[in-house]
Amino acid sequence: MSSTATVKPDSAPILACTVSRDVQLFDLLIDDMEQELGEAWGDLNFEDALIFLKQPDSASLQFIAIAVDSEDEAELTKINDVIKAAKGKRVKVVLIANQISPAELHKMLKLGADDFVPYPLPEGALHEVLERLRRQPELVAGEPGGPHGEQGTAPAFRAKGDRNGVIVPVHGMAGGSGASTFAANLAWELAIVSANDAPRVCLLDLDFQFGSIATYLDLPRRESVLEILSDTASADSDSFLKSMLTFNDKLHVFTAPSDMLPLDIVTGEDIGRILDMAQKNFDFVIVDMPSTVVAWTEAVLTRSHVYFALMELDLRSAQNILRFVRALKAEGLPHEKLRYVLNYAPKFTDLSAKGRVKRMAESLDITIEVQLPEGGEQVTQANDNGLPIAENSPKNPLRKELQKLAKSLYDLNKAAEAGRT
């Protein structure tokens, strides 16, 4: 490794560099860099990095890993200059952040950093990020200018604040439980539930790191989403609506940001403002939640009318539900709003599995109100094609159950509106 801003003429090309105040503070990063690149990487401080990026030798760089901690926040100007210089040379930038405030991390991401990894580095995290960056073309499908960049338009209606929407969050109790698929398709079924009196529906993707709603509906991710999240206090309903996109002119979508962001980049007050704006302008607000419980989960739960918890017929779902409910009870939060949805439910003829479902509900002291059948390969195809199941495979058994659930929610809301009048 080289610790200066120059590279020896007879050395092998440097493919990457770490940039930090002192790389020895990030020993796990050193190990991962050596594992990924062998000796084909160097280490620079912030001043030397600016010099090296101006030299011809930097043309071989594939990426730089900028490692920062809380003490580096005083040097943000230098760090930002390095990010700008790297982007000017078309060099990918990965942030390795240790106890950096969300606001400062957001500033660095907004300047053009391609990804970030928290420190201490999770096992294999750097490898996954690098693989993702290596596969990433200059223009990504779904980004403005990409193959699908023209799809999706802003809502045509103006914000009037004349609605009082039903807020329905969706939270996966275990990885792979199908929460995002459920949220996207439930929102679409609500949007098309009535030919003559269809409700106005919006879908909020609040998984700022791995949100996939944009992928499932083949919509671009817009910079304006990040602007709303960064300053909700200055946002109004008009700017909120302009940050959204429509799918087939019926479903209004607030996508996850294009960059991976820390989940605590927003507070409960920020999320509350977003939900309030959505509720005032839509009849139904479907919220795709991250699987992680964060500080602002409470803000969503307390504003929700029902809170769908997606589960599978397995031990991990059962354990996570127990822990989730226990945490809500400990904080005095309204756990009674939870409605349990069993995904990949057994077939009617599978009596043994049906018995397991009953015993699972009894042992958890819950009621499983919705059971969704296995949708098979057609569901994966619909997601990959960027279409709701109703558009891709309208006779799919999973679609039929989602259609029934949407009709039930619609009818209940209509009955409640009639009761109020």
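Each residue in region 288-306 was checked for being under 18 Å from the mean Cα position of the chain (by Cα) and among the hydroxyl-bearing types (Ser, Thr, Tyr), and 3 pass. Applying the condition of being within 29 Å of the chain's Cα centre (by Cα) and β-branched (Val, Ile, Thr) to region 11-29 and asking which residue is surrounded by the most Cβ atoms within 10 Å (Cβ to Cβ) yields Val19.
How many residues does region 312-337 contain that are assigned to a helix (DSSP H, G or I) and exposed (fewer than 13 other Cβ atoms within 10 Å of the Cβ)? Steps first, answer last, please.
Just the residues of region 312-337 that are assigned to a helix (DSSP H, G or I), to begin with: 315-330, 335-337.
With exposed (fewer than 13 other Cβ atoms within 10 Å of the Cβ) added as a condition, the list becomes 315, 323, 326, 329-330, 336.
Within region 312-337, residues that are assigned to a helix (DSSP H, G or I) and exposed (fewer than 13 other Cβ atoms within 10 Å of the Cβ) number 6.
Listed by first and then second residue, the pairs linking a residue in region 336-362 that is in the same structural domain as Gly376 (by TED's automatic domain parsing) and at positive phi to a residue that is surrounded by 14 or more Cβ atoms within 10 Å (Cβ to Cβ) and part of a strand (DSSP E or B), with Cβ atoms under 9 Å apart and 6 or more places separating them unless they lie on different chains, are Tyr344/Leu372; Tyr344/Pro373. Scoring Ile79 on the criteria (1) over 15 Å from Gln209 (Cα atoms); (2) surrounded by fewer than 19 Cβ atoms within 10 Å (Cβ to Cβ) leaves a single failure, condition (2). Mind checking which residues of region 366-420 are of a type in the set (Val, Ile, Thr) and either under 26 Å from Thr246 (Cα atoms) or not assigned by TED's automatic domain parsing to the domain that holds Ala187 (or both)? If the condition is that a residue be of a type in the set (Val, Ile, Thr) and either under 26 Å from Thr246 (Cα atoms) or not assigned by TED's automatic domain parsing to the domain that holds Ala187 (or both), then Val379, Thr380, Ile389 are the ones that fit. Among the residues of region 91-119, those identified as at pLDDT below 85 and assigned to a loop (DSSP other than H, G, I, E, B) are Gln99, Ile100, Ser101, Leu111, Gly112, Ala113, Asp114.
Sort out for me the strands (runs of 3 or more DSSP E) sitting completely within region 160-261 that have 3 or more residues that are surrounded by 22 or more Cβ atoms within 10 Å (Cβ to Cβ). Quick ask: steps written out before the conclusion?
Values: elements: 166-172, 201-205, 245-247, 251-254.
So the answer is 166-172, 201-205, 251-254.
When Asp81, Asp10, Asp57 are checked against the criterion of being modelled with pLDDT under 90 and assigned to a loop (DSSP other than H, G, I, E, B), Asp10 stands alone in meeting it. Taking first residues from region 310-322 that are free of Cβ contacts under 8 Å to residues at least 60 places away in the same chain and partners that are part of a helix (DSSP H, G or I), the Cβ contacts under 8 Å between residues at least 6 apart in sequence or on separate chains come to Leu313/Ala353; Leu313/Arg356; Leu313/Val357; Leu313/Met360; Ala318/Met360; Ala318/Ser363; Ala318/Leu364; Leu322/Leu364.
The values are calculated or read from the model by the stated rules, or taken from the named source; none is laboratory data. This is a predicted model, so every value here is computed, not measured. Don't worry about glycine lacking a Cβ; one is built from the backbone with ideal geometry, like all the others, and counts go over all protein chains shown.
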